[in-house]
Amino acid sequence: MSNSQGDFNPKAFLTLAKKLMETQDDAAAQRTVISRSYYSAFLLTRRKLGLERSAHVNHADVWKALAGLGGANCLLQASHGQNLRLLRNKADYGNTINRLADEAKKALRTAEQIIQGIGGVEKPGR
């Protein structure tokens, strides 16, 4: 999902994750669900906060920036983002994930929740 200028819509990662969830008993697919779910939520949050062009912004910075906006919703979504990041790190770098299929489903639900939750968030400075 990109346009003629090459702009990528991070929701495409969520669409891919949903398709991969249909794959039964495939550890690589389930790990990819976790990773793509995270990146969908992360990239959309980074864009929503206007941080996509900041060269020195890392993953933790995005979730801290969201939490820094204050309010229960931003704090909750930032917490979900940080937890999803930890799970993504396990999926990408860990040898074992207990209940992998359940964790993949949880990652997908969490990413959807974050994306929905940031819908009403205003960029800082507005």
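The values are calculated or read from the model by the stated rules, or taken from the named source; none is laboratory data. It should be emphasised that the depicted structure is a prediction, and the values quoted were computed from it without experimental measurement. For neighbour counting, all protein chains shown are included, and Cβ atoms are generated from backbone atoms with ideal geometry for every residue, glycine included.
Screening the candidates Leu87, Leu44, Leu108 for the property of being among the hydrophobic types (A, V, I, L, M, F, W, C), touching an Asp or Glu at 6+ places or on another chain (Cβ under 7 Å), under 17 Å from Leu14 (Cα atoms) and buried (at least 19 other Cβ atoms within 10 Å of the Cβ) yields one hit, Leu87. Listed by first and then second residue, the pairs linking a residue in segment 78-96 that is of a type in the set (Ser, Thr, Tyr) to a residue that is part of a helix (DSSP H, G or I), with Cβ atoms under 9 Å apart and 6 or more places separating them unless they lie on different chains, are Ser79/Trp63; Ser79/Ala67; Thr96/Lys90. Filtering segment 39-77 to residues that are of a type in the set (S, T, N, Q) and touching a residue at least 24 places away in the same chain (Cβ under 8 Å) leaves Ser40, Thr45, Asn73, Gln77.
Select from segment 47-97 the residues that are of a type in the set (Gly, Ala, Ser) and within 30 Å of Ala29 (Cβ to Cβ) and write down the one among them that is nearest to the chain's Cα centre (by Cα). Within segment 47-97, the match that is nearest to the chain's Cα centre (by Cα) is Gly81. List the residue pairs whose Cβ atoms are under 9 Å apart, where the first residue sits in segment 99-126 and is under 28 Å from Asp26 (Cα atoms), the second is of a type in the set (Phe, Trp, Tyr), and the two are 6 or more positions apart or on different chains. If the second residue must be of a type in the set (Phe, Trp, Tyr), the pairs left are Ala107/Tyr38; Thr110/Tyr38; Ala111/Phe13; Ala111/Tyr38; Ala111/Tyr39; Ala111/Phe42; Ile114/Phe42. The listed residues are Ala67, Ala41, Ala91, Ala17, and the only one of them that is in a helix (DSSP H, G or I), over 27 Å from Asp7 (Cβ atoms) and modelled with pLDDT of 95 or more turns out to be Ala67.
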